[in-house]
């Protein structure tokens, strides 16, 4: 025959475990959302850099080409050589509208410069 412990002694243990585990679960969920947000911002930076490099290779304004494609707060830098153009777009990562300090994603793209076209009569 087994003796039962004091019935009701474990009352509230689930509440205590939930109170300890719920913040940890919320932290993991926030980290997961931050990861997805960072990946999405990285893809936007790559798309914007590609368009900026192609625009600069044609002789157009790269910032205008990348303006609508990059994440909010993105900056565009363009450089290169006589044969090619390199565009880099970087942006801060934000979670729920709050910029994460020191967290920046960037994307770069290279395009060959197009020869200057002659005037068509």
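Laboratory data are not the source of any read-out in this text; all were calculated from the coordinates shown. As the structure is a prediction and not an experimental result, all values here were calculated from the model. A quick note on method: Cβ atoms are made from the backbone with ideal geometry, for glycine too, and the neighbour counts reach across all protein chains shown.
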Pick out which of 107, 73, 97 has the largest mean-square fluctuation in a Gaussian network model of the chain, springs linking Cα atoms closer than 10 Å.
97
If you average the sequence gap of Cα pairs under 8 Å that are 6 or more apart and divide by the length of segment 18-112, what percent do you get for the contact order?
30 percent
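Could you compute the FRET efficiency for residue 82 and residue 103, with r as their C-beta to C-beta distance and R0 at 25 Å, rounded to 0.05? Intermediate values should be presented prior to the final figure.
Numbers: r = 36 Å, r/R0 = 1.42.
Working from the Cβ atoms, E equals 0.10.
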What angle do you read, to the nearest 10 degrees and between 0 and 90, between the alpha-carbon axis of helix 13-58 and the longest principal axis of the chain?
10 degrees
Percent breakdown of C-alpha pair distances by 5 Å bin, ordered from the shortest bin, for the chain
2, 11, 15, 12, 10, 8, 7, 6, 5, 4, 4, 3, 3, 3, 2, 2, 1, 1, 0, 0, 0, 0
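Given a Förster distance of 22 Å, report the FRET efficiency between residue 24 and residue 95 from their Cβ-Cβ distance, rounded to the nearest 0.05.
Values: r = 17 Å, r/R0 = 0.79.
With R0 = 22 Å, the Cβ-Cβ based efficiency is 0.80.
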Using helices alone, what [θ] at 222 nm do you get for the chain, with -39,500 (n - 2.57) per DSSP H run of 4 or more residues, divided over all residues and rounded to the nearest 500?
-15000 deg cm²/dmol
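At 0.36 nm per residue, minus the direct Cα-Cα distance, what do residue 72 and residue 112 gain on full extension? Give it in nm, one decimal, please.
On the way: separation 40, 0.36 × 40 = 14.40 nm, distance 2.76 nm.
Result for the pair: 11.6 nm of gain on full extension.
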